[in-house]
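Report on the following structure.
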Amino acid sequence: MLWADGNRKQFRLQSPDSTGITFFNRLVETEEFNYARQFFIYLGGGVAVGDVNGDELPDLFFTGMQVPNALYIN
């Protein structure tokens with residue numbers, strides 16, 4: 001990935017211990033909830049970045065399909 005300034009940036013996998021983020025969008029197929037009946041399930045949930053509490057730091061909001069959503073305040 002090249003940024004506008006021409007520098008090459010890369011993402012590195014970080015552990016939950018180093019980030020404090022433990023969200024996992026676990027999917028368990030059932031007779032009613034499966035790919036054959038609802039093909040969208042493997043598209044997953046989503047993630048949003050914004051300043052929820054107004055401290056000018058990015059906060060993360062994860063959505064889950066079968067697990068509760070999670071908000072991580074930076």
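The values are calculated or read from the model by the stated rules, or taken from the named source; none is laboratory data. What you are looking at is a predicted structure, and each value in this text was computed from that prediction instead of being measured. In this analysis, Cβ positions are derived from the backbone assuming ideal geometry, glycine residues included, and neighbour counts consider all displayed protein chains. SASA here: full protein model, heavy atoms, side chains in, ligands and nucleic acids out. Shrake-Rupley method; radii C 1.70, N 1.55, O 1.52, S 1.80 Å.
Checking the structure you have, find out if any residue of the stretch 25-44 is modelled with pLDDT of 95 or more and assigned to a loop (DSSP other than H, G, I, E, B).
no
Test residue 10 against the stated conditions and say whether it is part of a loop (DSSP other than H, G, I, E, B), free of Cβ contacts under 8 Å to residues at least 40 places away in the same chain and either surrounded by 10 or more Cβ atoms within 10 Å (Cβ to Cβ) or more than 14 Å from the chain's Cα centre (by Cα) (or both).
Yes: the conditions hold for residue 10.
So which residues in the stretch 36-60 are under 10 Å from residue 74 (Cβ atoms) and touching a Phe, Trp or Tyr at 6+ places or on another chain (Cβ under 9 Å)?
49, 52, 59, 60
Out of all the residues in the stretch 26-63, which are open to solvent by 60 Å² or more (accessible area, probe 1.4 Å) and hydrophobic (A, V, I, L, M, F, W, C)?
28, 36, 39, 40, 43, 47, 49, 52, 57, 61, listed by residue number.
Residue by residue through the stretch 64-74, note down the ones that are open to solvent by less than 50 Å² (accessible area, probe 1.4 Å) and β-branched (Val, Ile, Thr).
Across the stretch 64-74, the qualifying residue is only 67.
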